[in-house]
Amino acid sequence: MGVIRELEPGALWRRYDPDEIPFATTQGIESAGGVVGQDRAVAAMEFGIGIGREGYNIFALGPPGTGKRTLVLQALERHAATRPVPVDLCYVHNFDDARQPRLLRLPPGNGSKLRSSMASLVEDLRVAIASALESEDYQRRRQRVEEEMKGRPQRALEELQARAQRDSLDVAQTPGGLTVVVIRDGKPLSEEEFEKLPERERVAIRAKMTAIEADLEKMVRQIPRWVREYHDRLRELRREVTALAAGHLIDEVRRDFAELPAVREYLDRVQRDVVDHAADLLETGKSLPEALMRTLPDSFGESAAARRYTVNVIVDNSERRGAPVVVEENPTYDNLLGRIEHESRFGNLVTDFSLIEAGALHRANGGYLVLDARELLRSPFAWEALKRALRSRRLRLEPLGQALSLVSTVSLEPEPVPLDVQIVLLGEPIVYYLLCAWDPDFGELFKVAADFDDLLDANDDNRRQYATLIAALVHEAKLKAFDRSAVARVLEHSARLAGHQDKLSTRMGTLADLLSQADYWAAQEGSPIVSATHVQRAIDTAVARADRLRARSYEDIVRRTVMIDTAGSRAGQVNGISVSQLGTFTFGRPTRITARVRMGRGDVVDIEREVELGGPVHSKGVLILAAYLGARYSPSRPLSLSASLVFEQSYAPVEGDSASAAELFALLSAIAQVPIRQCLAITGSVNQHGEIQAVGAVNEKIEGFFDVCRARGLTGEHGVIIPAANSQHLMLRRDVVDAVGRGLFHVYPIRTVDEGIEPLTGMPAGERDVTGEFPEGTFNRLVEGRLAEFAETWQAFNTAGYGAA
């Protein structure tokens, strides 16, 4: 097997000693003292919150389950408690333009107080005004005005009749109205009788009649003016009485808000409006049929005047302590900026200031708003609306249809709200980097990135904190107590999730799931304490629930439906290991890689790429192989080789370069015509210098080949060759470690291609001597010799004229 040394069982996983756990059980341990291992993110959050400058909004980026939300809310709540409570936000009627409701920004608690005061005021005004208008004094003064105004036309008519009678005329009432008639002997003359009078007398009478008729017409024209004067005097009387009745009531409210100029100004406008609309204030919809009233909203019974005096408190901070921290789970356009509701009234949709609803930005104003970046970007127009609000520092409530000019319906235009809020977005790194790349406004508005790591250094201090965090999670979830062995096994599994012996995973969601499942299996066994056995059972059953397709895949290999050799030797054939991910479950499976070579123009054909199953990274790895072959074995002559590489029985896309080392060994084996031992599998990528580079999912790959070999029967020859750089990533299953300990399975770390040749072929690789030649009997001598034969044959072929094409 050469000088390469396999890894000992202790190097295949990181064991955590239960005696290192700082407590016997998790019983009674309630707090982990904050999030573990996120110092960078914590510092960024503290900076972003503390700087208090425009544009320093925060984007908390990191993989799901790393505690972003928990840490962000903890930091925000801590800072919010030290900040003042923001003002209440209220909308009231604009008496100059009802379409533009006025905004009142009141000290916390005063919004609801004003709303209650105005509701009581309206009721008191109704009673006071109704009583004033029904009082004897008002009725007497009203009657006096009525009598005076009604007697005025009568007196004018009587004076006109007296004048007419002096001239033997009279003003009589006829079906056609008032008319002037001639009187003789106390009786009016008919037309025939009037015509029989002497001409001279008729002319004189007509002149007098014309004068009387002119005065009569003048009097009739004055009647509408007298009626208006009558109504004006009644209105003025009503205003006078209303002002006296309402003045002291409004003064009482005014005294309660004496220190708030905005409220005093509003109450002045209310007082003037009450005097002008006293009659409207007394009218309600209660006169409608009861059956109809039951079908209408409660507010329908209010008079239009009464609704004018309501106070719409859209943000009430009366119960708050400190600044608000608002989490909006569904950040749609309306949920962010607020909305204007409508009521249906007899088939028409109507609205007013009392139907304005606050959005998340209103509720978070003066504090902090936490949003999920993906949900925000998924909601149409919400992201652009948020940016506009942050840039302008004003919150303009505008219906979406109106903002997009899709509708021309007249709606409200509420007074904008001054905006003072800090936004914290939660999202994955890819979302953050895409916004940085494609949105020019993003960098100006979100200047702080709180980067959450999914890995934690497994030093002594962090391990102790992590153990305490596990205890806190157990306590918060009300699970059974975990003993030392259980906590140590959770730490080991965390290192497995991290894919590194010296790291721990910070994905708390996955960790919490494992704790709950271990608690379940302890309960099934009737155990009051959760031990390492229960944790291991939780891990095993979670895999069992998800591994149907893995089992089917391995069964196809064992039954040789999928041809994988785990014994014997074959030239140009090697066992690579691919990785499949199904949801959250990842597993490795061996894949046969074969190579065929012949004389040619130096082409290495990647069949996967030719049929468009190979991705760009995989194709890059194959191109590196050709470069390595030419530089290593044919530096002074053309590489006269034509080779093909393929993943046998592979019908899915292939991506990544983790099989490039296996492909190279298959290619070298085919060139040297030296067989490769099929009891071994290999993973790793290779560079142009022949160095073996680390790959991902190394644990799953080793376990995948182990499971297939175990199903066929371990002989003590089976094993996996991995990059030496991946040794630190090994956190293998206990059964694999035990098999290595018993000599039934092996893990070989290699740093170069030459180190891998010896265990795969049983031949020494060979190094060039002082003359630049590989020694006889070495693998590299065979490869170089075969390539030299190809080159000489190709040269002779070209000399004979057959290679011109």
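The values are calculated or read from the model by the stated rules, or taken from the named source; none is laboratory data. Just so we're clear, the structure is a prediction, and the values are computed from it rather than from any experiment. Cβ sites come from the backbone with ideal geometry, for glycine too, and all protein chains shown count toward neighbours. For accessibility, only protein heavy atoms count, side chains too; no ligands or nucleic acids. Shrake-Rupley method; radii C 1.70, N 1.55, O 1.52, S 1.80 Å.
Note: relative contact order over the stretch 588-708, using C-alpha pairs below 8 Å and six or more positions apart, is 36 percent. Placing one equal scatterer on every Cα of the stretch 306-455 and applying the Debye formula, the log10 ratio I(q)/I(0) at q = 0.17 Å⁻¹ is -1.05. Going by accessible surface with a 1.4 Å probe and the largest first, HIS689, HIS493, HIS534 read HIS689, HIS493, HIS534.
Rounded to the nearest 20 debye, the dipole size of the chain about its Cα centre is 320 debye, using +1 on the Cβ of Lys and Arg and -1 on the Cβ of Asp and Glu.
Estimated at the nearest 10 Å², the accessible area of GLU192 is 120 Å² with a 1.4 Å probe. The modelled label-to-label distance for the pair SER580/ASP738, using points 7 Å beyond Cα in the direction of Cβ, is 2.7 nm.
Annotation: per residue accessible area for the chain equals 49 Å², rounded to a whole number [probe 1.4 Å, protein chains only].
When DSSP beta bridges are restricted to pairs lying wholly in the stretch 653-805, around 25% turn out antiparallel. Beta bridges assigned by DSSP with both partners in the chain are antiparallel in approximately 60 percent of cases. Heavy-atom accessible surface of ASP513, to the nearest 10 Å², is about 90 Å², with a 1.4 Å probe and all protein chains retained.
Solvent-accessible surface of protein heavy atoms, probed at 1.4 angstrom with all chains present, puts HIS79, HIS475 in the order HIS475, HIS79, largest first. In the chain, a dipole from Cβ-located charges (positive for Lys and Arg, negative for Asp and Glu) runs towards its positive end, and of MET118, SER505, GLY696 it is MET118 whose Cα lies farthest in that direction.
Which percent of the accessible area of the chain is formed by carbon and sulfur heavy atoms (probe 1.4 angstrom)?
49 percent
Comparing LEU71, THR82, TYR56 along the charge dipole axis of the stretch 1-134, the residue lying farthest to the positive side is TYR56, per the Cβ-charge model. Here are a few candidate values for log10 I(q)/I(0) by the Debye sum over Cα atoms at q = 0.05, 0.08, 0.10 Å⁻¹: (i) -0.33, -0.82, -1.18; (ii) -0.49, -0.98, -1.19; (iii) -0.54, -0.92, -1.12. Which one was actually calculated from the structure I just gave you? Of the listed options (i) -0.33, -0.82, -1.18; (ii) -0.49, -0.98, -1.19; (iii) -0.54, -0.92, -1.12, (iii) comes from this structure. Between amide H atoms placed 1.01 Å from N, distances below 5 Å from PHE452 occur with LEU61, GLY62, all of them 5 or more places distant or on a separate chain. Taking a point 7 Å out from the Cα of GLU444 in the direction of its Cβ, the residues of the stretch 369-399 whose backbone N falls within less than 17 Å of it are 383-394. With the charge dipole of the chain set up from +1 on Lys and Arg Cβ and -1 on Asp and Glu Cβ about the Cα centre, the Cα lying farthest toward the positive end among the listed residues PRO638, VAL326, SER131 is that of SER131. Note on TRP794: accessible area approximately 50 square angstrom, rounded to 10, probe 1.4 Å, nucleic acids and ligands left out.
The aspartates and glutamates whose alpha-carbon is closer than 12 Å to the alpha-carbon of LYS480, local same-chain residues fewer than 8 away aside, are ASP519. For GLU20, GLU428, the ranking by accessible surface with the largest value first comes to GLU20, GLU428, using a 1.4 Å probe. The trypsin sites (Lys or Arg not before Pro) of the stretch 731-774 meeting both criteria, a DSSP state outside H, G, I, E and B (loop) and at most 16 other C-beta atoms within 10 angstrom of the site's C-beta, are ARG742, ARG751, ARG768.
A Cβ-based charge dipole, computed about the Cα centre of the stretch 690-773 with Lys and Arg at +1 and Asp and Glu at -1, lands at about 460 debye.
Pairs spanning more than 29 Å between alpha-carbon atoms, out of LYS620/LYS701; LYS68/LYS447; LYS503/LYS701; LYS478/LYS701; LYS196/LYS218: LYS478/LYS701; LYS196/LYS218.
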